[in-house]
Every structure is written in structure tokens, then in C-alpha cells.
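Since the structure comes first, as C-alpha cells, the remarks are kept for the end.
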Amino acid sequence: MSNNVTHNAISTILANPSPNTCSDLPDLIVQVLDLKPLGNKFMFTASDGKMKLKAMLHSTLSSEVISGKIQNLGLIGLSDYIVNDIPNKSEKWLIVSKCEAVSPALEKEYSTEAKVEDSGSVLKPHQGDAVMKDVKPEICGIVVKPKKEIVAKSAAQIVHEQNGNNMPSARMAMTRRIQPLVSLNPYQGNWTIKVRVTNKGIMRTYKNARGEGCVFNVELTDEDGTQIQATMFNEAAKKFFDKFQLGKVYYISKGSLRVANKQFKTVQNDYEMTLNENSVVEEASEEASFVPEIKYNFVPIDELGPYVGGRELVDVIGVVQNVSPTMSIRRKSDNEMIPKRDITIADDTKKTVVVSLWNDLATDAAQELLEMADQFPVVAIKSVKVGDFQGISLSTISRSSLKINPDLPEAKKLKTWYNSEGKDTSLDSVGAGLATLGKGGAQSYFTDRVFISHIIKNPSLGDDRKPAFFSIKAYISFIKPDQTMWYRACKTCNKKVTEAVGSGYFCEACEKTEEECNLRYIVSLKVTDASGEAWLSVFNDQAEKIIGCSADDLDKLKSQEGESAFQMKLKEATWAPYFFRVSVMPHEYNGDKRQRITARAVGPIDYAAEAKYMLEELSKMKVSQ
């Protein structure tokens, strides 16, 4: 690939807004101008020296910018892209899904003299201005191309060239561009994807104010390993439920995308897909199938804390330290005995964590790990749930996968670290500090100790990916009695359940209907210290410590003894001092940016430890004076 900006690159891009992978296009090299972040992506202006076009790099290319490979004023070569029209606006955006850095930053913005193609003469600067004065290069929706010779072809020739005797799915592959999932966004119109069904949910029924219906979803993976969740309702659900078979490959078109709800998404993708009854789904039975490449987004063991109790699944990698014997656990939902085995893994953060393997992973993969335990193998585990057992623990679910000694750069790096220093290093459990909090210890509550005013006066604390953590000592000043203080939860997994059609409660996580459910707290309360006050979100385990009873017991008290007894119970919990370990992150509510402060741990005041802490703080003040 050349190191120079491609002549008329922007015109070529606009003339080919969605090129086929087999298109005979020249190397397209443009200069990057005005590079700046936009959420987890980067936007820029693409320039060929004559014309400019607003552009955006896909989120998968953000690491190329962060590492410094793609730079402002630098050159990039475009491998895959699409040009989108912005609805209700007369402008186009270039969405770059694949590219490579060609050159670091140039000294200045590249420019070239405008040329008139017909005459071959070069215009002088003022002549070029006169010709181009009515043309807006950034909003150039019409490109005049040289007249091409048109060759007439019969219908038979066209069919023969497109191999029309193939099956419909094969014709779709040859006549329509297959787009990678990473390039899709809600602003695109027509697209076709080729994906494998890697997880299929059950058909569920629901009932709400608009009536009754049914829904199911599938997880789709393309050959690059990118995943997306697709959901179908009512007629579409009935049409495609039997069509989608786990493990098979399909061509899908005429679907729609929207921004994924972070609270409920199960795959790593900014968008989720909806298929309706007019969507097209064809099995790629005559096409060569593929095994999707598994893409990992590893979370270091010492950074698992923010994921505790959340819906988001994580990927981890570590060196196996220990493999426990197989245990049989009786499942509460159906009294079935299921196998379980715990393994302990460590990484180069010098922390360890216990991973509970269930079902086939416990009997097959864990047995293989046990046989090679003396070799300290590396395991990569995808899609595990982060729990708070022993502070922090991990657990596999039905869609989890485990690879032993995977051929990954992270695995090789980890093995090198362990052989050189890790095996002789003292390793601590990542949940050790948090486990102490549950036993009444106060040591960890003095980490990052701040006043409430420090939090509320800094609205930029934390971000969507990683919250900020602090410790505070405060009094509970108010618990709002008219709030919804609990939710109905599954007895097995504690996830939210919905009323099933007929009777009982349906759990989406367990994919089962049970006759009974539990109530679990989700409480908003106000805390106060000498510097100010703030609202905290408090969940079940912490709320039970504060209120002094379970949500089921409080609901029973309210229904049997009345509203006054209920409010008295809440008042009894106020004006008591506690240590709080809190997370702080921004969120939007009705268009307003606010702080979300969540209590991750709550403990009573250890006055001896608090007195020691205050004496140390006074000593620091004396030294500073």
C-alpha cells in the first residue's frame, strides 16, 4: 500500500458507498483531521487534499488510536467501510470498520490543486475557487463520474455469471454483500449478515398493559467472532423459533438495530437486533460453514469488584492454581443433583479468584485440568457471572466456554510471567478485603476515605466502564417510605422474575417458571455527614443490615400490622452511623446527567479502629504544618 494520499479518494468513496469485498477499487488512503473521542469511539474528518468527509471509526478501532498507531494528521488505508446518510440531514458519514495506519502525523494538513478531468489542465488557486465556490465538499451527495461504456447483456448471461443454478442462500451470498457484524449500525438500510446461532433462548410468554404476547432471542456470531443478540416478538417469534437451530449458519437480512440496553444485554455489542415477520432468514446449507472465532474481552482479576452482583458477564484468563474434587449440588428449582467443581486461578495482578464450573465443564474440562494441574495450565473462560461469595467469586452459566492453554498473546504473556516470577510470588484472594467487611472488620473502610462533599462536588467521578470507589462514614438520615423498596426475585439466582401466564413466576436467567419467589431489597436512602448529604442506592444484603430484617419480613409486617408499624421500622433504622464502601458513576435520567452512588458494602463503626485512624490523620496534619 502506497504512503501517499489517494487522488480523489473521497470522490471514489462517495461513488462506492457500500463496496463489495470483491470490488476492484484502488487502495484508498486518506488523511485523518480533527480526530477526537465520541463515547467509546473516535470521530474525524477524512481528507484527500481536495474534498473532506465526516467520518467515524468503529469502537473496535479505538485501541489503534489509544496506542498511537492512528494519529491526527496521519494517513490511514481503508479496508472496509460504508457511507451512511443521516436521516433528516443533508450530510453523509463515512463509517470505517477496518483500516490500517499508513503513516504517523504529517507536519500539516495535506492539500492538492484542483484538476479538471476533461481538459487535463490545472487550475490556478483563484480559478479553482471560482469553479468550486458553489460546491460544499463535506456535503457532497452527488458525484459526477466519467461516462462509461455500457455493455448490453442478456438475462441468461447475467444469470450464468451469477451462478444462478445455486441454492437461494448461495445466490444471496454471491449477489449481495455480506457485512461483518462490527460494521452494522441503526442508520443503515439494507444489509445481509452471515452468522452462526451460538445460543438460543426458550419461547417465553408475557402479559402487560398492551396485552399478551410471546418472545424469544438468539445470540448470533459471525466468523470474526463478533456477537449480537437478536430478539423476535409475537408473529416473528412463532415464524422463526423452529427455523433457528443451535449451531447452524444463516443469512439474515431486513432486520433493524437499536442501541442495546446495557442492563439486560448478554453479549459485547453496542447494538441489539430485532427481527420482524418480514425479515429474511435463510439457512446456509450449501455454503461452507465456519467456526466463529471467539473474541475475548478479559477483565484483570483485581478489577472484578465493580461487576459483583451485576448482569454483565465477563471474560477472564488465569493460571490454574488448584482444582477441587467434584461435588453434587441439589438445585432448589427442581431438586436435581448437578455436578460442580471449583478451580482457583491467578493472573499477573497477583490476585486469585475461585471459579465454579458446572455440569459438563465440571465433569469434562475440570477433570482434564486436574490431570495436568502440576503443569499449571492457563485457562481462558468466556461469559462468567461475578458473585459476592467470599467477597468476589466467579461462576459459569449455560453459555460459558472454557479453553485450556489457548493460542492467545495474553495466555503466552501470562505463562511467561508465572514461570519467571508468579510461581514464587505470594498471591492474595481478590475478595479477601471485601470478605473482611462482611465479618465486621473495618480495615478496608479506611481505603480512599472521603467526605460526602468530595463526591457530590465532583460530578465527573467515574465513567460508564469503571466507577470510582470511596469509603465514607455517615449517618442514615432518611428512608423514603413511599418508594418501591423491593422486587420479586428468583429463589435460585436472585434475578428479577415476571408473572407467568396462568400462575407462578418466570425467571429469564433460569428459563423456568416457579410457583413462589422471594422479595429482595432495592432501597434509596439519604446519608449525612458533617460536610453534606447524598442519596445512596442500597441493595439486598446491605439493606438487610441497615433495616434489620428481610424484605419478605418487612412486607409481612406492613400487611399484617399496618402502615404505621412499617414506617416506625424504617425510622428505627435512621440516625445510626455506618461505614459505607461506595461506587460512583455518572448516568442520564430524563436527559439530565446525574451521579449514581451505590453502597457496595456496609459495616458498623469499629470505634477503636476509627480512633486510631483519626489519630493518624491528626499526626499528618501536624507534620504538614
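For the stretch 216-282, the relative contact order works out to 39 percent when only alpha carbon pairs closer than 8 Å and six or more residues apart are counted. Residues whose amide H lies under 5 Å from that of A500, counting only those 5 or more places away or on a different chain, are Y505, F506; hydrogens are built 1.01 Å from N in the peptide plane. Roll a 1.4 angstrom probe over the protein heavy atoms and tell me the percent of accessible area of the stretch 351-423 that is carbon or sulfur. Its accessible area is 50 percent carbon and sulfur atoms. Among the listed pairs K473/K545; K194/K385; K194/K295; K243/K265, those whose Cα-Cα separation exceeds 26 Å are K194/K385. Shape annotation for the stretch 309-378: C-alpha extents along the principal axes are 40, 32, 14 Å, from largest to smallest. Rounded to the nearest whole Hz, the Karplus-based 3J(HN,Hα) values (6.51 cos²θ - 1.76 cosθ + 1.60, θ = phi - 60°) of the stretch 566-582 follow the sequence 4, 5, 5, 5, 5, 5, 4, 7, 8, 6, 10, x, 9, 8, 10, 9, 10, with x at glycine and proline. In the stretch 1-82, the alpha-carbon atoms span a convex hull of 95 Å³ per residue. All Cα-Cα separations within the stretch 523-607 were binned at 10 Å from zero, giving a P(r) of 15, 43, 29, 13, 0, each value a whole percent of the pairs. Enclosing the Cα atoms of the stretch 495-548 in their convex hull gives a volume equal to 99 cubic angstrom per residue.
Which whole-number percent of Cα pairs in the stretch 456-521 have a distance greater than 13 Å? Within the stretch 456-521, distances greater than 13 Å cover 73 percent of Cα pairs. 3J(HN,Hα) along the stretch 538-549: 10, 9, 3, 4, 6, 5, 4, 5, 6, 7, x, 7 Hz, from the Karplus curve 6.51 cos²θ - 1.76 cosθ + 1.60 with θ = phi - 60°, whole Hz, x for Gly and Pro.
Using the Karplus relation 6.51 cos²θ - 1.76 cosθ + 1.60 with θ = phi - 60°, the per-residue 3J(HN,Hα) values for the stretch 186-198 come to x, 8, 7, x, 8, 8, 9, 10, 10, 9, 10, 7, 9 Hz, with x marking Gly and Pro.
For the peptides 201-211, 225-235, 361-371, 62-72, residues were scored by their other Cβ atoms within 10 Å and the scores averaged per peptide; the highest-first order is 225-235, 361-371, 62-72, 201-211. For the stretch 456-573, the spherically averaged projection of the C-alpha convex hull amounts to 9.7 nm².
The values are calculated or read from the model by the stated rules, or taken from the named source; none is laboratory data. Predicted, not measured: the structure shown is a model, and the values here were computed from it. Counting neighbours? That spans all protein chains shown, and the Cβs are built from the backbone with ideal geometry, glycine included. The area values use the complete protein model at the heavy-atom level, side chains included, leaving out ligands, DNA and RNA. Shrake-Rupley method; radii C 1.70, N 1.55, O 1.52, S 1.80 Å.
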